[in-house]
Amino acid sequence: QVQLVESGGGLVQAGGSLRLSCAASGRIFSINDMGWYRQAPGKQRELVAFISSSGTTNYATSVKDRFTVSRDNAKNTVDLQMNSLKAEDTAVYFCTARVNWSRYWGQGTQVTVSS
C-alpha cells in the first residue's frame, strides 16, 4: 500500500508565501511524475505543477513565475513553494504521484488566501 501525505497548508494574506510538502510512503519500487492539483469550491480539479523523475517541470499558466515545484528522490517527497499568493489561489491542494506505475493521491490540504 502506498500513501501520500501532504502538509503545509493554511491561511495567508494576499502577497504572502506558503510551502506545501508531500511524502510518499509504503512499498515503493519506482516513482515517475509527482505534482500538485487544486480544487476551488464549485470548480473542477486543475493541474498546478508537475515534475518528472528527471526534474522536468510543467506549470499552469496562472501560477508560472510564482510557484516552484521540487522533489527529493531520495526522500520520495515533492514540495510546492507558493509566492505572491492571490485570493484566487484559494483551494484544496492535492499531491499526486505515479508510484509503481499506478496513480496515487493525497487527502488534500486547504490553502486560503485572504485579500
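The values are calculated or read from the model by the stated rules, or taken from the named source; none is laboratory data. No experiment lies behind these values; they were computed from the predicted model shown. No Cβ is skipped: glycine too gets one built from the backbone with ideal geometry, and neighbour counts run over all protein chains shown. SASA here: full protein model, heavy atoms, side chains in, ligands and nucleic acids out. Shrake-Rupley method; radii C 1.70, N 1.55, O 1.52, S 1.80 Å.
Some points to look at:
- Residues (without any contact (Cβ under 8 Å) to a residue 12 or more places away in the chain and among the small types (Gly, Ala, Ser)) located in the stretch 62-115: Ala74
- A single member of Val5, Val63, Val48, Val92 is in a strand (DSSP E or B) and open to solvent by less than 20 Å² (accessible area, probe 1.4 Å), and it is Val48.
- In the stretch 95-109, residue surrounded by the fewest Cβ atoms within 10 Å (Cβ to Cβ) [restricted to those that are out of contact with any Phe, Trp or Tyr (no Cβ under 7 Å at 6 or more places or on another chain) and not in a loop (DSSP other than H, G, I, E, B)]: Ser102
- Checking Gly15, Gly42 one by one, the residue that is over 15 Å from the mean Cα position of the chain (by Cα), in contact (Cβ under 8 Å) with a residue 60 or more places away in the chain and not in a strand (DSSP E or B) is Gly15 and no other.
- Test: residue in the stretch 74-81 that is open to solvent by 50 Å² or more (accessible area, probe 1.4 Å), of a type in the set (Asp, Glu), at pLDDT 95 or above and not in a loop (DSSP other than H, G, I, E, B): no
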